[in-house]
Amino acid sequence: MRSTEQSRLRQMVYAAMFGALTAVGALIVIPLQPLPITLQSFFTGLAGVLLGSRAGALSQVVYVLLGVIGLPVFAGGKAGIGTLFGPSGGYLLGFIVAAYLIGRIVEAKTDPGIAWIGMAVTLGYLAIYGLGTVQLAMITGFSWNKALMIGVVPFIVGDLLKLAACTWLGARFKPMIKLQGG
């Protein structure tokens, strides 16, 4: 097998693995209404840091597609395409955007340090919040203020902890994951 084929295969395997990890992260739930706290964003951020923009985003596409086809991998065991059009759908689509954005920012540096990775993950989480809050407000009819109070504020402390863990683990393990070449 040629080096490029090995690299593509490795990217697909890692993307599938992080898609599955994001699904597992959805099973770890602290139930709040209308949006639960889960570890999905943690694995989304880690996918972006470790896999880069393309494979990181692909991992989240895999995750979302698993849920769309009916596997109960969304938070609270939800599944189906209807979830994408519900209050939490923007967050799910935000995972794809965030993984790509995080990966892109990390790829911009040859040797990204912990501060750079932390900034990338922070911007990725802001993308999740942004897309999620917009859809939450549109679907529920909430004001922007109420959507922020329901869809962002309760998650800030938990997401700061996930961001710190993701940043530290990402910086630690990034040198070990080789997706390009042999």
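Every number here is computed from the coordinates shown, using simple stated rules; none is lab data. No experiment lies behind these values; they were computed from the predicted model shown. Cβ coordinates were reconstructed from backbone atoms using ideal geometry, including for glycine residues, and neighbour counts include every protein chain displayed.
Scanning residues 5 or more positions from I37 or on other chains, those with amide H under 5 Å from its amide H are I30, L32, with H placed 1.01 Å from N in the peptide plane.
Can you list which of the trypsin sites (Lys or Arg not before Pro) found in the stretch 96-150 are DSSP loop residues with at most 11 other C-beta atoms within 10 Å?
K109
GNM remark for the chain: springs join alpha carbons under 10 Å apart, and the peak mean-square fluctuation among A23, A47, A147 falls on A147. Straight-distance candidates among the aspartates and glutamates for linking to K174, with alpha-carbon spacing under 16 Å and chain neighbours fewer than 8 residues away dropped: E107, D111.
All other residues whose Cβ lies under 13 angstrom from that of A98 are scored, Lys and Arg at +1 and Asp and Glu at -1, for a net of +1. Ordering E107, E5 from the fewest to the most neighbouring beta carbons within 10 Å gives E5, E107.
Can you work out the FRET efficiency for the pair K178 and I114, with r the C-beta to C-beta distance and R0 = 25 Å, to the nearest 0.05?
On the way: r = 20 Å, r/R0 = 0.80.
It comes to 0.80.
Under the convention that each Lys and Arg Cβ holds +1 and each Asp and Glu Cβ holds -1, the size of the dipole of the stretch 71-182 around its Cα centre is about 140 debye.
Would you please give the FRET efficiency between L27 and W144, computed as 1/(1 + (r/R0)^6) with r the Cβ-Cβ distance and R0 = 41 Å, to the nearest 0.05? Efficiency, from the Cβ-Cβ distance: 0.85.
With a ≥ b ≥ c taken as the square roots of the eigenvalues of the C-alpha gyration tensor of the stretch 48-182, please select rounded if a/c is under 1.5 and otherwise prolate if a/b is larger than b/c or oblate if it is not? Oblate is the answer for the stretch 48-182, as a/c is 1.5 or above yet b/c matches or exceeds a/b. Exposure proxy shown here: for L136, L126, L131, the number of other Cβ atoms within 10 Å sets the order, fewest to most, as L126, L131, L136.
In order along the stretch 97-105, the Karplus-derived 3J(HN,Hα) couplings, from 6.51 cos²θ - 1.76 cosθ + 1.60 at θ = phi - 60°, round to 4, 4, 4, 5, 4, 4, x, 5, 5 Hz, and Gly and Pro are given as x. The GNM of the chain, with springs linking C-alpha atoms under 10 angstrom apart, assigns the highest mean-square fluctuation among M149, M119, M17 to M149.
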